[in-house]
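**Q** Following this message is one structure expressed as structure tokens.
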Amino acid sequence: MQILIILIILIALSAIFSGTEIALFSLSQIKVKSLTKRKIKNSHLVAKLKQNPDRLLIIILIGNNLVNIAAAALATALAIKFFGSIGVGIATGAMTLLILIFGEIIPKSFATTHAERISLSVAKPLWFLSYILSPIITLFEYITKFFTKRWGKISKKPSISEDELKIMTRIGVEEGSVEKHEEKIIRNVFLLNDITAEDVMTAKSKMFTLDAKNKIKDSLKDIIECRYSRIPVYENKPDDIIGILYVKDVLHEIARDNRNITLKEIAKKPLFIPRSKVLDDLLPYFQRQHVHIAIVLNEYGEVIGLVTLEDLLEELVGEIIDETDIDKRLIRRLGKNAILVDGETEMGDINDFFNTEIPGSQNNAISRFILDELGEIPKQGREMRVDSLRLIIEDADEKKIKKVKIVKE
């Protein structure tokens with residue numbers, strides 16, 4: 001009877017080790033950090049164990065194999081006692097079945113759905129076991145590292161990749177734990193490293209500028225009509241930007257009855273950036289410099305446009321429409337070199353947004369341009385080229401073109 005009880009205990013220990021393996025290795029680093037941050041009991045031990053996954057696996061495997069061997073030996077001795085020489089075969093078959101069902105399948109299935117609870121429960125005894133068996137575990141660690149190094153360099157992978165985070169966010173939307181607009185912002189964050197200042201800037205030809213030598217009283221009408229809060233000012237020629245005029249400073253001088261001073265006297269020093277600066281770097285750069293606007297230069301130091309904080313934020317949250325904007329709600333960026341536009345979007349709006357030069361009347365809709373070029377209403381999926389641009393019909397019916405994808409190549 002005592003032997004039977006010991007055998008049951010050994011099978012139970014086998015189940016615990018098997019379940020522990022699945023629980024600890026299925027628990028993500030993000031979840032572990034969340035538990036430790038919330039100061040959940042034993043979470044710090046779980047974190048320590050998972051810091052060295054090779055050592056953790058060795059601890060579990062040593063424990064599991066020891067109890068399995070002990071259980072098999074005990075069962076064999078018991079079977080021989082009752083069945084004689086054929087007891088070895090009976091014990092082997094019975095123990096294989098018992099360990100497979102109760103020591104592997106059931107505990108591992110249970111552990112997949114209760115990983116957090118099991119990990120926290122076994123952390124302390126497992127940590128104690130690692131201390132007791134430390135010399136043996138260290139020996140096995142050295143042996144393991146010796147062979148793994150011979151078979152190739154061990155590369156440390158990040159806890160979670162960009163693609164995995166995107167998938168997790170998408171699943172979160174489907175399950176209702178993440179809002180749709182939050183998923184859009186997260187997705188757009190990953191695009192920031194691919195989009196440059198040149199991709200989102202207002203081209204030089206569309207910039208509103210003022211002559212720095214003009215007096216406030218002479219420029220007041222233009223300042224009011226343009227409705228911008230920050231205006232580049234130039235000296236000698238529009239290409240020579242020497243400062244940024246803040247309308248609040250103009251109002252301050254008017255209040256002090258200083259209408260005769262020049263714009264140059266109150267303009268702030270401009271921030272110049274290269275056309276290649278990616279938005280991922282530009283956003284924190286704006287924060288450090290405490291500015292909302294920068295002048296974009298080409299490789300020759302020539303002004304080619306300007307970019308604002310609003311331009312950057314629009315890449316994250318979508319278009320911020322104000323009274324001075326074109327109706328950009330009809331345009332959605334898909335990537336650095338791709339946008340999706342409504343068929344009714346005007347050519348001028350597309351060229352302004354995407355820094356392109358699609359020919360033709362800028363007041364015409366993109367759908368009209370395509371119809372004029374093809375002479376018919378195209379079917380969904382049809383493509384056409386305009387210089388270095390590829391226009392793809394994303395949605396259309398027998399009456400009109402609804403959506404067009406535009407790709408720079």
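**Q** Return the total of residues in region 204-226 being over 15 Å from Ile295 (Cα atoms), β-branched (Val, Ile, Thr) and in a loop (DSSP other than H, G, I, E, B).
**A** Selection size over region 204-226: 0.
**Q** Suppose we filter Ser14, Ser85, Ser18 for residues that are among the hydroxyl-bearing types (Ser, Thr, Tyr), more than 30 Å from Lys145 (Cβ to Cβ) and in a helix (DSSP H, G or I); which single one remains?
**A** After ruling out the rest, the residue left standing is Ser85.
**Q** Could you figure out which of (1) among the small types (Gly, Ala, Ser); (2) modelled with pLDDT of 85 or more; (3) not in a loop (DSSP other than H, G, I, E, B) isn't true of Gly381?
**A** Just one mismatch for Gly381, condition (3).
**Q** Within region 150-168, is there a residue that is part of a helix (DSSP H, G or I), closer than 30 Å to Ser276 by Cβ, touching an Asp or Glu at 6+ places or on another chain (Cβ under 6 Å) and not hydrophobic (A, V, I, L, M, F, W, C)?
**A** no
**Q** Being surrounded by 15 or more Cβ atoms within 10 Å (Cβ to Cβ) and either of a type in the set (D, E, K, R) or closer than 25 Å to Val122 by Cα (or both) is the filter here; which residues of region 64-94 pass it?
**A** Asn64, Leu66, Val67, Asn68, Ala70, Ala71, Ala72
**Q** Does region 151-192 hold any residues that are among the β-branched types (Val, Ile, Thr) and either modelled with pLDDT under 80 or in contact with a helix residue (DSSP H, G or I) (Cβ under 7 Å, 6 or more places away or on another chain) (or both), and which are they?
**A** Ile154, Ile160, Thr169, Val173, Val178, Ile185, Ile186, Val189
**Q** Another question, if that's okay. Please indicate, with yes or no, whether at least one residue in region 215-236 is of a type in the set (D, E, K, R), without any contact (Cβ under 8 Å) to a residue 12 or more places away in the chain and exposed (fewer than 13 other Cβ atoms within 10 Å of the Cβ).
**A** Yes: region 215-236 contains one or more residues that are of a type in the set (D, E, K, R), without any contact (Cβ under 8 Å) to a residue 12 or more places away in the chain and exposed (fewer than 13 other Cβ atoms within 10 Å of the Cβ).
**Q** When you scan region 360-378, how many residues do you find that are part of a helix (DSSP H, G or I) and under 37 Å from the mean Cα position of the chain (by Cα)?
**A** 4
**Q** Among (1) modelled with pLDDT under 90; (2) part of a helix (DSSP H, G or I); (3) over 12 Å from Glu116 (Cβ atoms), there is one condition Ile60 misses while meeting the rest; what is its number?
**A** (1)
**Q** Filter region 265-309 down to the residues that are more than 20 Å from Val200 (Cα to Cα), surrounded by fewer than 17 Cβ atoms within 10 Å (Cβ to Cβ) and in contact (Cβ under 8 Å) with a residue 24 or more places away in the chain and list them by number.
**A** Lys268, Lys269
Yes/no per residue for (1) farther than 30 Å from Phe146 by Cβ; (2) without any contact (Cβ under 8 Å) to a residue 60 or more places away in the chain; (3) assigned by TED's automatic domain parsing to the domain that holds Phe128:
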| position | (1), (2), (3) |
| --- | --- |
| Ala23 | no, no, yes |
| Gln29 | no, no, yes |
| Leu49 | no, no, yes |
| Arg55 | no, no, yes |
| Ile58 | no, no, yes |
| Met95 | yes, yes, yes |
| Phe102 | yes, no, yes |
| Ile106 | yes, no, yes |
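**Q** Regarding Lys204, is this residue surrounded by 16 or more Cβ atoms within 10 Å (Cβ to Cβ) and modelled with pLDDT of 85 or more?
**A** For Lys204, the condition - surrounded by 16 or more Cβ atoms within 10 Å (Cβ to Cβ) and modelled with pLDDT of 85 or more - is met.
**Q** Right, another one. So, in region 372-407, how many residues would count as being free of Cβ contacts under 8 Å to residues at least 60 places away in the same chain and surrounded by 17 or more Cβ atoms within 10 Å (Cβ to Cβ)?
**A** Total satisfying the criteria: 7.
**Q** Right, another one. Which condition breaks for Asn52 when tested against (1) under 28 Å from the mean Cα position of the chain (by Cα); (2) surrounded by 17 or more Cβ atoms within 10 Å (Cβ to Cβ)?
**A** Every listed condition holds for Asn52 apart from (2).
**Q** Assuming Ser43 fulfils every condition listed in (1) under 23 Å from Glu141 (Cα atoms); (2) in contact (Cβ under 8 Å) with a residue 24 or more places away in the chain apart from one, which condition is it?
**A** (1)
The values are calculated or read from the model by the stated rules, or taken from the named source; none is laboratory data. In this text, all values refer to a predicted model and were calculated from it rather than measured experimentally. Because the Cβ atoms are built from the backbone with ideal geometry, glycine has one as well, and the counts that use them run over all protein chains shown.
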